[in-house]
Each structure stands twice: as C-alpha cells, then as structure tokens.
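Each remark here refers to the structure printed beneath this line.
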Amino acid sequence: MFALTAMAQNVNPVIPGFHPDPSVCRVGDKFYLVNSSFQYFPGVPIFESTDMQHWTQIGNVLDRQSQLPLKGATSWQGIYAPTIRYNDGVYYMITTNVGNGGNFMVTASDPRGPWSEPIWLEQQGIDPSLYFENDVCYMVSNPDNTIMICEIDPRTGGQLTESKPIWRGTGGRYPEGPHIYKKDGNYYLLISEGGTEIAHKLTIARSKNIYGPYEGCPDNPIFTHCCMAAQTSQIQGTGHGDFVQGADGRWWLSFLAFRFIGGSYHHLGRETFVLPVEWPEGGWPVVNGGRPAEVTGQSTAIANSCSTTFHNIGPEFIHIQQPVEERYEHVGTALRLHCSPSSLTANNQPTFIGRRMQNANMAATTFMDATGLQSGDEAGFTLYQIHDGHSDIVVGRETDGRLYVTLRHTIKSLVKEEPRRYVDNPKMFMRIQTTTPEIVTFLVGETLYNMQPLGTIDAPLLSTEVVGGFTGAILGLYATGKGYADFFHLDYR
C-alpha cells in the first residue's frame, strides 16, 4: 500500500469549468479522459496526461456531424456520460445521445482519432460502460433505475445475451454511472446515486461472479460531500466517478463536482476532480484517506490564459448543436459569422462559437467589426448558460441604419435590456470580466484603454440552480439575422 503522503494531489479541479462525467483509462504510461458534452458540437472532449494531474486536450471524439445528431438539443439533452476503455489495440468510447438515438459506441486505433461512425446498441438506460475479459465484451447501463448487464459484439454492437439486473444500489435515487473492475478475484461495481446535485455520492458493491449477486460495501457511500465533514466545503455534488490504476500501481478516482460561488449556486458547471485511492488486497477502496476533497493548485488543462486569433481554432471551441458550416467563414484574419435566422433563445442551430468559462475570476475580450450587419440584425459577445439563461453584449442595426450597443439579460421568461447606446464606429472591443467572483461586468470600447461598462449581472442568476441545465457557462460569439459580423480574436485571462 502506498502512503497517502506519496499520493498527494496538487491540483483540483484538474479540468475546471464545464467538464462533467469524467471517465479515464490508462494505456502504457498515458492516461486518457473523456467528458460529456450535452448539446455542444464537437462532442466528448478527450484529454491526455502522464500523471493524472496535468491534462492536455488532444481533440474531441465526436468531431463529424455524421457522428453527432443534435437536432433541437437543449442542455438537458445530447451527449450524456461517456466511458472510455482500451482493449487489444482498440480504443472504445460508449455513451448516450439523449433525444437523438440513444446508446452507441465509437472506436479508434489512436485516441486522437479518427473515431468511427456510431455503432448503435440495443440495451438502453444512460451512462453505458464496457468491461472486457477473455474475449468477452460486457456492457452495463441503467434501464429502469437498475444496473443491467449484457454481452455485446464489440465490432458490430450486436447484443449477444439478454439484459440481466445485477444491482439497484443502496436505495439512493438515480442509480447510474456504472463501471466494472476486477481486482483480487472480485468484480467491483462502482455506481453513482442521489442525483447530480447536493446528494450525489459514489457507492460500490462486489461479487465473485460478474452476474452477481453483488454485496454492497459496508462503508457506502465510499465518497460523498453530502456529509457533515464537507457541509461547509465549496466543493459539492461529488459523484459519477471512474477508477484507474497507474503503471506504478497507484489507484486514482476521477469524478465530477461543482464549486459553489456566491452562496449555494454554481455557474461554471460540473468539473473534473481527481483524488488518490488506497485499495488494499481483498479490501474496499478508500478515497483520499476518507477525507473530503479540497480546491488546490492551478490547472493547466486548456491554458487558463490564452489568445485565439481564429487562424487555428483549438479543440476547446464549440458550437450549440450541429453548426451550419457555411455560416462560419475565414476572411483575411477574421472569422466571419454569417447570421442565423435563430436567436440564442430560439435554440435552432444559432450561429455561435465559444469556449468554456473555467475560472470564477477571469476576463475575456474580443474585437468585432459590425459593418456587415443589416437592418434588424444583432451580433455580439455572450455569457451563455442555457438557451433561456444568458447575458449578451448586443450590437444591432436599427431600421434607419444606426448601430447601437446594449446589454441584454435573458433569465427564463424575464428579459431586461439596458438603454441602447448609438455608435458611429462599427469596430469595437467587447469584454466580459468578473469584478468579484460573484459579479460579472460587461464592457465595450473603441480601444482597450477606453472601455466603458454597459452593466453587470450577479453570476448566481446564470447558475444551474436558477436557469437550469446540465452544463456550465460558455463565453460565446454569435450573430442573428441576415448579414454578418467579423470577429478577430478571443482572449481569455
């Protein structure tokens, strides 16, 4: 057994911002981790690490429109929790597309891709996972709130045996996120219970037979922050985890949690955390020495300070639903966004490109040329949580040709717009920044040195607790109407 001091974790969250439902596998001396992506395209970001602490995004598993139908998807739909596994030279990613097809998997010989077209699966329920043993591929998921298992053909996805129930958990609601591991002659079944809010927790059971019966750990839940020891922690909602063993024999748990900011609210989304695990031979796993998780260190996953000029758009940039590709055009040094008929709120493939907000203290700046906007058009910079929960710096053109700038908040059915300011120069900087972790300020200016505030919003108003959804805050550029707008960069600090 390794001493806990030798397993000390220096960074948490390891992947901040909207990166929920982590699953991880190890191949050689490399770890690969995937997250759910819901209504965003491309889907299922994939990261690489050599130490489980420092992660680099190497792509997105679902990066072709043929792999990822997202028609009409909101942040309650789309790609739910994926699982990544490796067997006999092949990488497997299995997941659920809620609202557009159900359970499927894709395969690749290289985690950077290309990944295959979807292989659709018969057994439903969300959060499917795979376990390989002796040339047999087992699939588990949770139809009817019961963890079910079957054998499948990993090449075709065909189901080879009937689905059999193996565990319903300890009685918590929503038993989900199942993963099977074999250690010391036992099959261990790790699941999540309690829902992905405050009561989220990880429970585990084991059996000598993969089909059960499974005996629950006497110390369940093996990890949760819904307890007295963590009742004042900023980190809450801990759950949906996946174990992995390093080449050095050490065990780790990757799991999701969120950080409360400004009271009992979270707007950054559910994030990826990692903790050390002690797993004695023949015993039950102990996460972090039985202690709660803490926010520590500074993550390197998707550089916390970066500048994108749109010559080379990185894998961290995403669209709402499948993008209409002809609406995104490179013109000189600019990314030209051709307006979509749909607004952000209407949520029908809007013209939108953005990146996750990863820090409670941050500033994001863009430069836009609104010359191409026509009468009635709008374009700008948005802090976007869900289709009916976003705050937008809006640049629009009146019917008389005048350009205006305003700040508009959409909080469910409540819409508030600040008085419009008319401008002569169509070229302007726009900035979204936090003045405190709880207050977001929106600014515009002809130069970086004369930016004027349009207004503010309390970050909790864009939280999951207020506007809903399963995702997190996105900093996005958008255009709606008939014309176009040019954007030259997006800086994140």
inquiry  = Using each residue's phi in the stretch 416-423, evaluate 6.51 cos²θ - 1.76 cosθ + 1.60 at θ = phi - 60° and report the 3J(HN,Hα) Karplus result to the nearest Hz, with x for Gly and Pro.
reply    = 10, 10, 6, x, 6, 10, 8, 10
inquiry  = With the crude spin-label approximation of a point 7 Å out along Cα→Cβ, what separation in nm comes out for SER375 versus THR161?
reply    = 7.0
inquiry  = About the Cα centre, and with charges only on the beta carbon of Lys, Arg (+1) and Asp, Glu (-1), how big is the dipole of the chain? Nearest 20 debye, please.
reply    = 480
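For GLU193, GLU133, GLU329, give me the order by solvent-accessible area with a 1.4 Å probe, most accessible first, ignoring ligands, DNA and RNA. Working shown, then result.
Working: GLU193 0, GLU133 35, GLU329 75 Å².
Sorted descending by solvent-accessible area, the residues read GLU329, GLU133, GLU193.
Which FRET efficiency value, to the nearest 0.05, is calculated for LYS412 and GLU281 with the Förster distance at 41 angstrom and r the Cβ-Cβ distance? Let's see the in-between values first.
Values: r = 53 Å, r/R0 = 1.29.
E(calc), rounded to 0.05, equals 0.20.
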Of THR309, PHE381, GLY194, farthest towards positive along the dipole that unit charges on Lys, Arg, Asp, Glu beta carbons give the chain = PHE381
task = Go through 109-118, 17-26 and give me the packing order, highest mean Cβ count within 10 Å leading.
result = 17-26, 109-118
ask   = Which ³J(HN,Hα) values in Hz, rounded to whole numbers, follow from the phi angles of the stretch 232-237 under the Karplus curve 6.51 cos²θ - 1.76 cosθ + 1.60, where θ = phi - 60° and Gly and Pro get x?
value = 9, 6, 5, 7, 9, x
query = List the aspartates and glutamates whose alpha-carbon lies under 16 Å from that of LYS412, not counting same-chain residues fewer than 8 positions away?
reply = ASP388, ASP392, ASP458, GLU465
key: Segment LYS183-SER307, length gained on full extension (0.36 nm per residue, minus Cα span)   = 40.1 nm
key: Per-residue ³J(HN,Hα) for the stretch 346-354, Karplus 6.51 cos²θ - 1.76 cosθ + 1.60, θ = phi - 60°, Hz, x for Gly and Pro   = 5, 6, 10, 6, x, 6, 7, 9, x
task = Would you mind computing, in nm to one decimal, how far apart the modelled labels at ASP110 and HIS54 are, each placed 7 Å from Cα along Cα→Cβ?
result = 2.4
task = Pull out a ≥ b ≥ c, the square roots of the eigenvalues of the alpha-carbon gyration tensor of the stretch 74-181, then state rounded if a/c is under 1.5, prolate if not and a/b is larger than b/c, and oblate in the remaining case.
result = oblate
ask   = Can you list the residues, at least 5 places off or on another chain, whose amide H is less than 5 Å from the amide H of LYS427, using H built in the peptide plane?
value = ALA370
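How big is the dipole moment of the stretch 86-154 about its Cα centre under a simple scheme where the beta carbon of each Lys and Arg is +1, that of each Asp and Glu is -1, and everything else is neutral? Debye, nearest 20, please. List each step's numbers first, then the result.
Numbers: 1 positive and 10 negative charges, 56 e Å.
That gives a dipole near 260 debye.
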ask   = Amide H to amide H under 5 Å from LEU70: which residues, 5+ apart in sequence or cross-chain, H placed 1.01 Å off N in plane?
value = GLN322
task = Place +1 on the Cβ of every Lys and Arg and -1 on the Cβ of every Asp and Glu in the stretch 15-104, take the dipole about the Cα centre, and give the residue among LEU70, PRO45, ILE94 whose Cα lies farthest towards its positive end.
result = LEU70
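Placing unit charges on C-beta atoms (Lys and Arg positive, Asp and Glu negative, everything else neutral), compute the dipole magnitude of the stretch 143-226 about its Cα centre in debye, rounded to 20.
180
The values are calculated or read from the model by the stated rules, or taken from the named source; none is laboratory data. The model shown is predicted, which means the values in this text are computed figures rather than measured ones. A quick note on method: Cβ atoms are made from the backbone with ideal geometry, for glycine too, and the neighbour counts reach across all protein chains shown. These area figures cover heavy atoms from the full protein model, side chains too; ligands, DNA and RNA do not enter into them. Shrake-Rupley method; radii C 1.70, N 1.55, O 1.52, S 1.80 Å.
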